[in-house]
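Undergrad: Here it is: the structure, laid out below.
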Amino acid sequence: MTTRPTRSALIVVDMQNGFCHPNGSLPRLGMALADVDRAVRQSALAVEQARQAGLPVIFTRHVYRPGRADEGQNLTTLSATLAEIDGLAAGSWDGGVVDELGWTPADLTVDKVRFDAFLWTSLDPLLQGLGVTHLQICGVVTNICVESTVRAAFMRDYPVTLLGDACAAKTSRLHELGLEVMGEVGLATVVSLADGYQVSAPTELSTEVAA
């Protein structure tokens, strides 16, 4: 057995006004998230802990350009009413990160137009440039964009720690099912900040080396 140095980063998935604020586009359309206040509160704690530990914090935003040509047929069909009110528009309050997380324009931010934060974005090159080999992930929606991003990270050989109580879904059942799937399949190690988990920088991962 030997060890290899690791660097961890915190990825905060889509903690935007459009999803998380009562006046956001999704709640206005009747698609509010269950326990979203808890997810925002715990995500803010995760960001604070990551910054104190000196870890990179990367925010993702699901946003569309003017005219929404980048939304795509399937997403337009899935949420036609969102397009009608121009929800999650790039540069809008709706598309912005919630105030509680303390986001500023100086923060590392990756904009996306699909559930998976790796798809067609600079996220993977950014992580490689930062020397990141381990991810701690929180955000919304648990069983959609969070799960899609966790799966994509797993397939790129990033070990993932998922902050379960810093995520939220449309219902508590969907949230719990998402956590169960990701944990049982082995896509991520599911933890809880409320149970004492601390966002920190692991110094090494054990790896087996052939003789």
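Undergrad: Between a first residue in the range 31-46 that is closer than 28 Å to Ala201 by Cα and a second residue that is open to solvent by 50 Å² or more (accessible area, probe 1.4 Å), which pairs have beta carbons less than 6 Å apart while being 6 or more apart in sequence or on different chains?
TA: Val40/Glu100; Ala44/Glu100
Undergrad: Further question: Residues Asp111, Asp94: which one is surrounded by 19 or more Cβ atoms within 10 Å (Cβ to Cβ), under 16 Å from Asp14 (Cα atoms), at pLDDT 95 or above and not basic (Lys, Arg)? Please lay out each step first, then the result.
TA: Details: Asp111 fails: surrounded by 19 or more Cβ atoms within 10 Å (Cβ to Cβ).
Going through Asp111, Asp94 in turn, the sole match is Asp94.
Undergrad: I would also like to ask the following. Filter the range 32-68 for residues that are over 17 Å from the mean Cα position of the chain (by Cα) and either within 25 Å of Pro125 (Cα to Cα) or among the β-branched types (Val, Ile, Thr) (or both); which is surrounded by the fewest Cβ atoms within 10 Å (Cβ to Cβ)? Show your work before the answer.
TA: Going residue by residue through the range 32-68, those that are over 17 Å from the mean Cα position of the chain (by Cα) are 32, 52-54, 64-68.
Those left that are additionally either within 25 Å of Pro125 (Cα to Cα) or among the β-branched types (Val, Ile, Thr) (or both): 52-54, 64-65.
Working: Gln52: 11, Ala53: 13, Gly54: 9, Tyr64: 23, Arg65: 13.
Only one residue tops the list, namely Gly54.
Undergrad: Taking the options Leu177, Leu108, Leu126, name whichever one is closer than 29 Å to Gly72 by Cβ and out of contact with any strand residue (DSSP E or B) (no Cβ under 9 Å at 6 or more places or on another chain). Full working, then the answer.
TA: Working: Leu108 fails: out of contact with any strand residue (DSSP E or B) (no Cβ under 9 Å at 6 or more places or on another chain); Leu126 fails: out of contact with any strand residue (DSSP E or B) (no Cβ under 9 Å at 6 or more places or on another chain).
None of the other options fit; the residue is Leu177.
Undergrad: On the given criteria, is Asp165 under 23 Å from Ala194 (Cβ atoms), open to solvent by 60 Å² or more (accessible area, probe 1.4 Å) and of a type outside the set (Phe, Trp, Tyr)?
TA: Working: under 23 Å from Ala194 (Cβ atoms): yes; open to solvent by 60 Å² or more (accessible area, probe 1.4 Å): no; of a type outside the set (Phe, Trp, Tyr): yes.
Considered against the rule, which asks whether it is under 23 Å from Ala194 (Cβ atoms), open to solvent by 60 Å² or more (accessible area, probe 1.4 Å) and of a type outside the set (Phe, Trp, Tyr), Asp165 comes out as no.
Undergrad: Residues to consider are Gly178, Gly196; find the one that is surrounded by fewer than 17 Cβ atoms within 10 Å (Cβ to Cβ) and under 22 Å from Leu45 (Cα atoms).
TA: Details: Gly178 fails: surrounded by fewer than 17 Cβ atoms within 10 Å (Cβ to Cβ).
Testing whether each residue is surrounded by fewer than 17 Cβ atoms within 10 Å (Cβ to Cβ) and under 22 Å from Leu45 (Cα atoms) leaves just Gly196.
Undergrad: Does Ala90 count as over 15 Å from Leu29 (Cβ atoms) and of a type in the set (Gly, Ala, Ser)?
TA: On the way: over 15 Å from Leu29 (Cβ atoms): yes; of a type in the set (Gly, Ala, Ser): yes.
In short, yes.
Undergrad: Tell me, please, whether a residue that is open to solvent by 40 Å² or more (accessible area, probe 1.4 Å), among the basic types (Lys, Arg) and not in a helix (DSSP H, G or I) can be found in the range 133-155.
TA: no
The values are calculated or read from the model by the stated rules, or taken from the named source; none is laboratory data. Keep in mind that this is a model prediction, so the values were computed, not measured. A quick note on method: Cβ atoms are made from the backbone with ideal geometry, for glycine too, and the neighbour counts reach across all protein chains shown. Keep in mind that these areas ignore ligands, DNA and RNA; they rest on the heavy atoms of the full protein, side chains included. Shrake-Rupley method; radii C 1.70, N 1.55, O 1.52, S 1.80 Å.
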